[in-house]
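Right, one structure below, let's go through it.
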Amino acid sequence: MAGWKGSLAQVLKEHNGIKATDRTVASFETQEKRSSVLFAAFTDLRSMGYRLDDVKQLKGRHVEALGKHWVEKGLSASTLQNNLSTLRTFSQWIGKEGMVEGAAKYFQNGEASRTSINTEDKSWSARGVNFEAKLAELRALDERIALQVELQATFGLRVKESVMLRPHLADKGSYLAVGIGTKGGRDRTVPIDTEQKRELLDRAKALTNSRTASTADPGLSLKQALSRYSRVIRNAGITKASTGVTSHGLRHNYANDRYEHYAGTDSPVRGGSLAEIDRERDRAARLEVSEELGHSRESVSTYYLGR
């Protein structure tokens, strides 16, 4: 492979397997994300007329051009931050540490500023999306994908967690053990405390062929299964452009429903007033919700529940 693609592949081969912070081995997911961001970035540069033959020729003006291009594309604050972080790591790899400056240099109007306090309900129900109708639509397209979506809604799972879930092994009777495909490799448990959860989990177990099988099609690799999931979801219109929601909106639904379960009142984004709830009860409910979603800090709950 010649040209910029070849030079990028060589840099990735030499450095991508190592974490930027402590020089330990980087996860496969991290390596995939870095590769994707970098290949897209250099492709964008060429489309803008910067025809670099070697990726080590990257300069500060190229980073500035990319920042402007990303803003024009309407990328989210988190994506802008992540893309810039990847370029910063890349600049260290090619011996140009310090070339990529802070976000304020490239996003002067605060486009990359993120707040963790949610001010609106981002769940499907709040956006007027009928979950049962969408589920029926998904079942007609792919029964396994429909089951994975149902698992996300009922247990608060992330997409990858639902695709990699091994129902027989995860079912511990009174709780679901979520340990495969989790963010940062963080294990957690989710209570099986309703008949709906038990019935769904039993259906998931019936669909799989063995105790060690996941919910994904056994004939597909993980990458293929995730691609299949994305394709079916798009075909069902579960996109920001089509219905205003994504799969992640199911986590918002779950978080707000569970807060009401523990606190006995609606969350702030659903109109609940913190003035009407004991502060310790609010904190305890947020901790429970955070743990069930796979986070360890109570503060993360504000992203789903508001404050």
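Just so you know, all these numbers are worked out from the coordinates, no wet-lab data involved. As the structure is a prediction and not an experimental result, all values here were calculated from the model. No Cβ is skipped: glycine too gets one built from the backbone with ideal geometry, and neighbour counts run over all protein chains shown.
Brief remarks follow.
- Charging the Cβ of each Asp and Glu at -1 and of each Lys and Arg at +1, and nothing else, the dipole of the chain about its Cα centre rounds to 1120 debye.
- Geometric descriptor of the range 43-143, per residue, is 178 Å³ (volume of the convex hull of the Cα atoms).
- When Phe90, Phe107, Phe155 are arranged by Cβ crowding within 10 Å, least crowded first, meaning fewest neighbours, the order is Phe107, Phe155, Phe90.
- For the range 57-85 and the range 258-307, distance of Cα centres in Å: 34
- Here the residues Ser301, Ser247, ranked from fewest to most Cβ neighbours within 10 Å of their Cβ, fall in the order Ser247, Ser301.
- Here the dipole of the range 125-299 is about 840 debye; that uses its Cα centre as origin and unit charges on the Cβ of Lys and Arg (positive) and Asp and Glu (negative).
- In the chain, Cα pairs under 8 Å separated by at least six residues give a relative contact order of 17 percent.
- Comparing Gly67, Thr182, Ser290 along the charge dipole axis of the chain, the residue lying farthest to the positive side is Gly67, per the Cβ-charge model.
- Per-residue Cβ neighbour rank within 10 angstrom, fewest leading, Tyr106, Tyr175, Tyr259: Tyr175, Tyr106, Tyr259
- Extended-chain gain in nm, criterion 0.36 nm per residue less alpha-carbon gap, Arg211 and Arg281: 21.3 nm
- Nearest-20 debye value, the range 3-106 charge dipole, Cβ charges on Lys, Arg, Asp, Glu: 140
- Here the Debye sum runs over all C-alpha atoms of the chain as equal scatterers in vacuum, and log10 of I(q)/I(0) at q = 0.11 Å⁻¹ comes out as -0.82.
- Comparing the range 82-240 with the 2.2 N^0.38 Å rule of thumb, its C-alpha radius of gyration ratio is 1.30 (two decimals).
- Gain on full stretching of the segment that runs from Asn82 to Lys59 - 0.36 nm per residue minus C-alpha separation: 6.4 nm
- Computed helical MRE - 222 nm, the chain, DSSP H runs ≥ 4 contributing -39500 (n - 2.57), nearest 500: -16000 deg cm²/dmol
- Per residue, the convex hull around the alpha carbon atoms of the range 149-250 comes to 107 Å³.
- Leading residue at positive end of dipole, the range 56-151 (Cβ point charges), from Gln148, Gln92, Ala104: Gln92
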